[in-house]
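A short worksheet on the structure shown next.
The values are calculated or read from the model by the stated rules, or taken from the named source; none is laboratory data. Given the structure is predicted, the values throughout are model-derived calculations rather than measurements. Glycine also receives a Cβ, built like all others from the backbone with ideal geometry; neighbour counts cover every protein chain displayed. Note: areas computed on protein heavy atoms with side chains; ligands, DNA, RNA excluded. Shrake-Rupley method; radii C 1.70, N 1.55, O 1.52, S 1.80 Å.
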Amino acid sequence: MGDTTMSETTTQNGRAMAAILHQSYDQVDYLWRQGRISFTNWRLYKAFWTWGAPRFSGTGNLTQAAYAEKLGWDAVFRKIERTRRLIQIIARLGEGKTPWPVHVTPPPTTCRTIAYGHGATVQIFEEFADARPSLIAFATRLCHEYGKPGRPAMICIDDDNEFYVGVGP
């Protein structure tokens, strides 16, 4: 396969997925039949389509009804909301943005500081030392992205899980 690494392939698939997320089922089905999207992205699209909104007919309806029969309609609506959030994250990644919205402003006084630094010099604060690895990795990525030598970035999070990046003077 040449010199394509797993991360490059994953990035290409992610961008291709982001490009088709907001198209209609018929359009994506046509692209699949023409061989213009991968089998993996076709299957992912069908799963996102099934759980991206309440479905009132077809296989999406049957899948949601079976899920509701086992776990209840509240579980169906929670799954739909989780899927919508995931679709937003994939769309942001496809645009080359960070997966979650980030405010590049001074943080409010109610925020807690996660990390501080730039490049390879990132300090994770003690309060967040045992946080989820994804949270620490995201804060580190933001430090790399926004921090510069002599201008470190301060990464904060508030009670609504909104991220703030404060850049030094």
Criterion violated by A53 - all others in (1) of a type in the set (G, A, S); (2) surrounded by 12 or more Cβ atoms within 10 Å (Cβ to Cβ); (3) part of a helix (DSSP H, G or I) satisfied: (3)
Is it true that I136 is crowded, with 17+ Cβ neighbours inside 10 Å, outside any helix (DSSP H, G or I) and on the phi < 0 side of the Ramachandran plot? no
Do the conditions hold for G117, that is, is it assigned to a strand (DSSP E or B), among the small types (G, A, S), touching a helix residue (DSSP H, G or I) at 6+ places or on another chain (Cβ under 7 Å) and more than 30 Å from Q64 (Cα to Cα)? yes
Condition test on E145, is it within 18 Å of W100 (Cβ to Cβ), among the acidic types (D, E) and part of a helix (DSSP H, G or I)? yes
Considering only residues that are among the polar types (S, T, N, Q) and either within 27 Å of V102 (Cα to Cα) or in contact (Cβ under 8 Å) with a residue 24 or more places away in the chain (or both), which ones fall in the stretch 37-89? S38, T40, N41, T83, Q88
Whether any residue in the stretch 102-114 is of a type outside the set (G, A, S), in a loop (DSSP other than H, G, I, E, B) and touching a helix residue (DSSP H, G or I) at 6+ places or on another chain (Cβ under 9 Å) is what I want to check. yes
If only one of T113, T98 is more than 30 Å from Q12 (Cβ to Cβ), touching a residue at least 40 places away in the same chain (Cβ under 8 Å) and among the polar types (S, T, N, Q), which one is it? T113
Within the stretch 114-128, count every residue that is open to solvent by 40 Å² or more (accessible area, probe 1.4 Å), closer than 13 Å to L142 by Cα and touching a strand residue (DSSP E or B) at 6+ places or on another chain (Cβ under 7 Å). 5
Filter the stretch 14-36 for residues that are in a helix (DSSP H, G or I) and either open to solvent by less than 60 Å² (accessible area, probe 1.4 Å) or on the phi > 0 side of the Ramachandran plot (or both) and give the result. G14, A16, M17, A18, I20, V28, D29, L31
Look at T40 and say whether it is assigned to a helix (DSSP H, G or I) and hydroxyl-bearing (S, T, Y). yes
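To keep it simple, each residue is scored yes or no on (1) of a type in the set (D, E); (2) surrounded by 12 or more Cβ atoms within 10 Å (Cβ to Cβ); (3) over 20 Å from P54 (Cα atoms).
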site: K79; (1), (2), (3): no, yes, no
site: P107; (1), (2), (3): no, yes, yes
site: R112; (1), (2), (3): no, yes, yes
site: D158; (1), (2), (3): yes, yes, yes
Please work out which residue is nearest to the chain's Cα centre (by Cα), limiting yourself to the stretch 73-102 and to residues that are at pLDDT below 80 and not small (G, A, S). P99
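Quick check on T98: is it hydroxyl-bearing (S, T, Y) and open to solvent by less than 30 Å² (accessible area, probe 1.4 Å)? Show your work before the answer.
Working: hydroxyl-bearing (S, T, Y): yes; open to solvent by less than 30 Å² (accessible area, probe 1.4 Å): yes.
In short, yes.
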